[in-house]
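Working notes, beginning with the structure itself.
The values are calculated or read from the model by the stated rules, or taken from the named source; none is laboratory data. Note that this is a predicted model, so its numbers are computed, not measured. Every residue, glycine among them, receives a Cβ derived from its backbone with ideal geometry; neighbour counts consider all protein chains shown.
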Amino acid sequence: MPSTILTKHDQRVNASLVKSCDSEYFQLFHDASHRNVFRFWARAIRTASLPSQQHFLQSYTAYLRAVVVEARDREKAHCRTVNDYLKLRRDTIAAKPTFAIYEMGMNLPDEVFSDPVIAELAECIIDLALISNVKDLLKT
């Protein structure tokens with residue numbers, strides 16, 4: 001069973017998120033999802049490798065920050081350029097935390113996760129999901 005990085009790292013992540021994302025939207029989102037995320041996390045760390053735990057925490061933190069930015073944009077009626085929107089949307093679609101969940105039982109070294117070919121493949125998958133999501137929105 002792998003060691004857990006939950007306690008110390010999670011406290012730092014929560015403290016930095018709350019500090020950097022001082023927003024009513026962040027607080028509402030954080031309060032609503034906090035309990036479910038930590039129930040998931042308590043189960044996941046029983047079998048997840050340390051690198052996969054770190055990948056999940058990093059990608060989930062990026063996702064939360066992107067959601068806050070998106071909410072602030074909406075609140076201020078800020079319209080991004082297409083390229084800026086796509087860059088932000090790649091994080092708000094939450095594909096990277098999903099990849100990290102799939103990775104948890106594999107015990108992959110960081111070299112695999114950061115390999116340029118794997119990174120490009122992940123970006124292509126994210127863009128396909130993003131395009132499919134936008135296409136579905138346009139139908140309604």
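Filter region 103-140 for residues that are free of Cβ contacts under 8 Å to residues at least 12 places away in the same chain and of a type outside the set (A, V, I, L, M) and give the result.
Matches in region 103-140: GLU111, SER114, ASP115, PRO116, GLU120, CYS124, SER132, LYS135, ASP136, LYS139, THR140.
LEU108 fails exactly one of the following numbered conditions: (1) of a type outside the set (Asp, Glu); (2) surrounded by fewer than 15 Cβ atoms within 10 Å (Cβ to Cβ); (3) not in a helix (DSSP H, G or I). What is the number of that condition?
(2)
Is there a residue being of a type in the set (Ser, Thr, Tyr), at pLDDT 90 or above and within 28 Å of PHE38 (Cβ to Cβ) anywhere in region 108-115? Please lay out each step first, then the result.
Filtering region 108-115 down to residues of a type in the set (Ser, Thr, Tyr) leaves 114.
Of the ones still in play, those that are also at pLDDT 90 or above are none.
Within region 108-115, not a single residue is of a type in the set (Ser, Thr, Tyr), at pLDDT 90 or above and within 28 Å of PHE38 (Cβ to Cβ).
Please state which one of ARG74, ARG65, ARG43, ARG80 is outside any loop (DSSP other than H, G, I, E, B) and at pLDDT 90 or above. So that I can check it myself, show each step before the final result.
Numbers: ARG65 fails: at pLDDT 90 or above; ARG43 fails: at pLDDT 90 or above; ARG80 fails: outside any loop (DSSP other than H, G, I, E, B).
Matching residue, one of ARG74, ARG65, ARG43, ARG80: ARG74.
Can you give me the number of residues within region 42-58 that are within 14 Å of VAL112 (Cβ to Cβ), buried (at least 20 other Cβ atoms within 10 Å of the Cβ) and either without any contact (Cβ under 8 Å) to a residue 60 or more places away in the chain or touching a Gly at 6+ places or on another chain (Cβ under 7 Å) (or both)?
2
Free of Cβ contacts under 8 Å to residues at least 60 places away in the same chain and on the phi > 0 side of the Ramachandran plot: is that true of ALA77 in this structure? Walk me through how you get there before you give the answer.
Values: free of Cβ contacts under 8 Å to residues at least 60 places away in the same chain: yes; on the phi > 0 side of the Ramachandran plot: yes.
Against the criterion (free of Cβ contacts under 8 Å to residues at least 60 places away in the same chain and on the phi > 0 side of the Ramachandran plot), ALA77 qualifies.
Among the residues of region 76-100 satisfying the criterion of being among the hydroxyl-bearing types (Ser, Thr, Tyr) and surrounded by fewer than 18 Cβ atoms within 10 Å (Cβ to Cβ), which is farthest from ILE45 (Cα to Cα)?
The first filter runs over region 76-100 and keeps only residues among the hydroxyl-bearing types (Ser, Thr, Tyr), leaving 81, 85, 92, 98.
Now drop any that are not surrounded by fewer than 18 Cβ atoms within 10 Å (Cβ to Cβ), which leaves 81, 85, 98.
Values: THR81: 39, TYR85: 33, THR98: 15 Å.
Ranking the qualifying residues of region 76-100, first place goes to THR81.
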